[in-house]
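S.K.: Questions regarding the structure given below will be posed in turn.
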Amino acid sequence: RIYRSDVEDKKTVIVFPNSWRNIYTAVAGMCNRHNVSARNIHAFCMDEWADEDGNVAPITYGPSLGGSFLSEFYLSFREDLRPKLEQMHYYTNENIGHYSDLIDETGNGGADLIVSATGWIGHTAFIDPCTKKFSADTLEEFLYLPAGFVDNHRITIVQNSNGFGSGDMYHTPRYAVTIGPRDVMHARDHLERHDLGNAGGYSSWERMISRLQLYGPVCKELPASIYQLTKGTIY
């Protein structure tokens, strides 16, 4: 996508997951070696931590997802190949109320691509089931919900604790801001990856979530199942 945006000189809007250090530095490294410019990339961070009052974590917060993205992706490019800094979008208290609108406006109706991965609870980004933010009476209503503040599901908090030091739930954020189902549905293409397993491969319950997402009914109780309604590739 970065290569095509360069050679075709075409604006490309991508929603990126975080953190993904090895992939981001590898991609930037290849672009640096082969002089591929990312000047046309407009990036949107998929999610970010927040506190119980809905305040978005600043990029200066140590575990900040937006801060990680800037460090791992943006700063890994040679300076002459980087996009303009204002093309790197991350959550703030000022933009959380219209983050989905920013994606639509920048991407002429939606992102060109969302890169994502499902979680233990079957979420995409932090679109968790059984939360106040993403409660809806019908699937149709659910699909129109925009980005916003979410009280994370307990299973998501447990999963996130693995990235905060050996399951230390006390120091694991319990709230976040995230894209919504609307952003998934508006995107023109999707790249989803399922690599939840341990080094030896998937465990049975991780395979269960993957199979439910891919082959089960499309339902708001398993938010990532909505990818069945979109164009894309799931690895």
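The values are calculated or read from the model by the stated rules, or taken from the named source; none is laboratory data. Keep in mind that this is a model prediction, so the values were computed, not measured. In this analysis, Cβ positions are derived from the backbone assuming ideal geometry, glycine residues included, and neighbour counts consider all displayed protein chains. The protein model used for the area step is the full one, side chains on, heavy atoms only, and it has no ligands, DNA or RNA in it. Shrake-Rupley method; radii C 1.70, N 1.55, O 1.52, S 1.80 Å.
S.K.: So how do 129-142, 41-54 stack up, highest first, on mean other-Cβ count within 10 Å?
M.R.: The peptides rank, most packed first, as 41-54, 129-142.
S.K.: Moving to a separate point now. Of all the accessible heavy-atom surface of the chain, with the other protein chains kept in place and a 1.4 Å probe, what percent is carbon and sulfur?
M.R.: The nonpolar share, carbon plus sulfur, comes to 52 percent.
S.K.: Apply the Karplus curve 6.51 cos²θ - 1.76 cosθ + 1.60, θ = phi - 60°, to the phi angles in segment 32-48 and return the couplings in whole Hz, x for Gly and Pro.
M.R.: Per-residue couplings from phi come out as 5, 5, 10, 6, 8, 8, 9, 4, 9, 7, 10, 9, 10, 5, 6, 7, 7 Hz.
S.K.: If you add up the charges near ASP104, with Lys and Arg at +1 and Asp and Glu at -1, over every other residue whose beta carbon is less than 11 angstrom from its beta carbon, what do you get?
M.R.: Net charge in that neighbourhood comes out at -2.
S.K.: Compute the separation of the alpha-carbon centres of segment 214-230 and segment 138-189 and state it in Å as a whole number.
M.R.: Taking the Cα centre of each part, segment 214-230 and segment 138-189 sit 15 Å apart.
S.K.: If you line up the long axis of helix 204-215 against the longest principal axis of the chain, both from Cα atoms, how many degrees apart are they, to the nearest 10?
M.R.: 70 degrees
S.K.: When only C-alpha pairs under 8 Å and at least 6 residues apart count, what is the relative contact order of segment 100-178, in percent?
M.R.: Reported as a whole number, the value is 26 percent.
S.K.: Continuing with the same structure: Can you work out the accessible area per residue across segment 97-202, with the rest of the protein chains kept in place, probe 1.4 Å, in square angstrom?
M.R.: Averaged over the residues of segment 97-202, the accessible area is 44 Å².
S.K.: Would you mind checking LYS10/LYS231; LYS132/LYS231; LYS133/LYS231; LYS84/LYS132 for any pair whose Cα atoms are more than 31 angstrom apart?
M.R.: Correct reply: LYS84/LYS132.
S.K.: What number, rounded to the nearest 500 deg cm²/dmol, is the helix-based mean residue ellipticity at 222 nm of the chain, given -39500 (n - 2.57) per DSSP H run of at least four residues and division by all its residues?
M.R.: Computed mean residue ellipticity for the chain: -7500 deg cm²/dmol.
S.K.: For segment 11-88, what does the accessible surface come to per residue with a 1.4 Å probe? Please give it in Å².
M.R.: Here the residues of segment 11-88 average 46 Å² of exposed surface.
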